[in-house]
């Protein structure tokens, strides 16, 4: 436990010991194939099956869903237990939850805006990983300017017909459902004519095409809709309310969900420790890199920032500490964390020096090429959910009250 964490009750300490013991006994063995670093790079069936089985195992053991009420398949809301599980999974370097888009974005949105029937129908499958979700927001030419999207959902006798083109659709090739933004009233204003849907992917008229990143990995896709049928009950909220619902989803994506900030921060603290271990085992001019004063200064700064993110995540769960600017931490969360992860991966590559050119699968690549791989993949994190530039504008306008730039 971090020195900055408050003292735990006997009950919570016992729960932590229980979780730690369960992970030690049940964590799956390292597979023969290469695992992705995050949900953004899940490409092959074997990767997907391995990660899906792990999420289901964690859920069935009762350690997933502490942010979802029991009547919807969760464990009952307990942020303390949610935090403990996240911390212990990070410390054990256990595999990540493959259905993260659903767990952290789609699920909270359905919980906030869905009908009772939608909550009962969708939330249990999200937790168990029976139902994998993807996100249909970005389009070619409508990334940062999300409200300019052109996909349409035209009313039909039994629901809607969707036509359009979505891009950067992580996990679309495994997804059963998509959180989809589409225009239901093209004649309405830019924001007013957008609706939000829980789209079933197993329907005719849907084409999924993989996109390969500069790292050589897949996981991203583009999805093309050609009058794809969609039932009436796929609508979340009312027609024309999609923009406001989507803004809530983006807040969840940026880390405003229950306990999400602490969950991510726990992983970053562990990642800072991995950098220190890398520097201690890497030599330069006959000495460990960890003894270099310039590196030590930068590594300590990274560790301080990781601890600051953990403290900020804890603060975000105390309403009294956020009353003056309640949106500040949720909006800053994704910006700070994604850029920190990118800087840390870049520093790891600098530690490796020429060996950073060795890629995954090379027998001489330190940590099997994970540091250059992490650096390349980090750009997806500083783009998805709003680019860093867009987020700085949002913080300036909504938190600091600065005027819009012209």
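Restricting attention to region 104-117, and to residues there that are surrounded by fewer than 19 Cβ atoms within 10 Å (Cβ to Cβ) and part of a helix (DSSP H, G or I), which single residue is nearest to the chain's Cα centre (by Cα)? The residue in question is 112. Residues in region 200-220 that are modelled with pLDDT of 95 or more and within 13 Å of residue 167 (Cβ to Cβ): 207, 208, 209. Listed here are the strands (runs of 3 or more DSSP E) enclosed by region 170-217 that have at least 3 residues being surrounded by fewer than 21 Cβ atoms within 10 Å (Cβ to Cβ): 206-211. Which count do you get for residues in region 315-329 that are surrounded by 12 or more Cβ atoms within 10 Å (Cβ to Cβ) and farther than 24 Å from residue 393 by Cα? Count: 1.
So which of 90, 94 ends up being assigned to a helix (DSSP H, G or I) and over 17 Å from residue 175 (Cβ atoms)?
Checking each option against the conditions leaves just 90.
Pairing residues of region 1-13 that are farther than 13 Å from residue 314 by Cα with residues that are at pLDDT 60 or above and surrounded by 10 or more Cβ atoms within 10 Å (Cβ to Cβ), at Cβ distances under 6 Å and at least 6 apart in sequence or on separate chains, gives 12/80.
The residues of region 143-169 that are farther than 16 Å from residue 220 by Cα and assigned to a loop (DSSP other than H, G, I, E, B), listed by number, are 144, 145, 149, 150, 151, 157, 158.
It is to be established whether one or more residues within region 35-49 are part of a loop (DSSP other than H, G, I, E, B) and at pLDDT 95 or above. No: zero hits. Whether a residue is modelled with pLDDT of 90 or more and either out of contact with any strand residue (DSSP E or B) (no Cβ under 7 Å at 6 or more places or on another chain) or on the phi > 0 side of the Ramachandran plot (or both) was assessed, and residue 317 does not pass this test.
Counting the residues of region 120-142 that are buried (at least 20 other Cβ atoms within 10 Å of the Cβ), free of Cβ contacts under 8 Å to residues at least 60 places away in the same chain and part of a helix (DSSP H, G or I) gives 2.
The values are calculated or read from the model by the stated rules, or taken from the named source; none is laboratory data. A quick note: this is a predicted structure, and the numbers were derived from the prediction, not measured. Because the Cβ atoms are built from the backbone with ideal geometry, glycine has one as well, and the counts that use them run over all protein chains shown.
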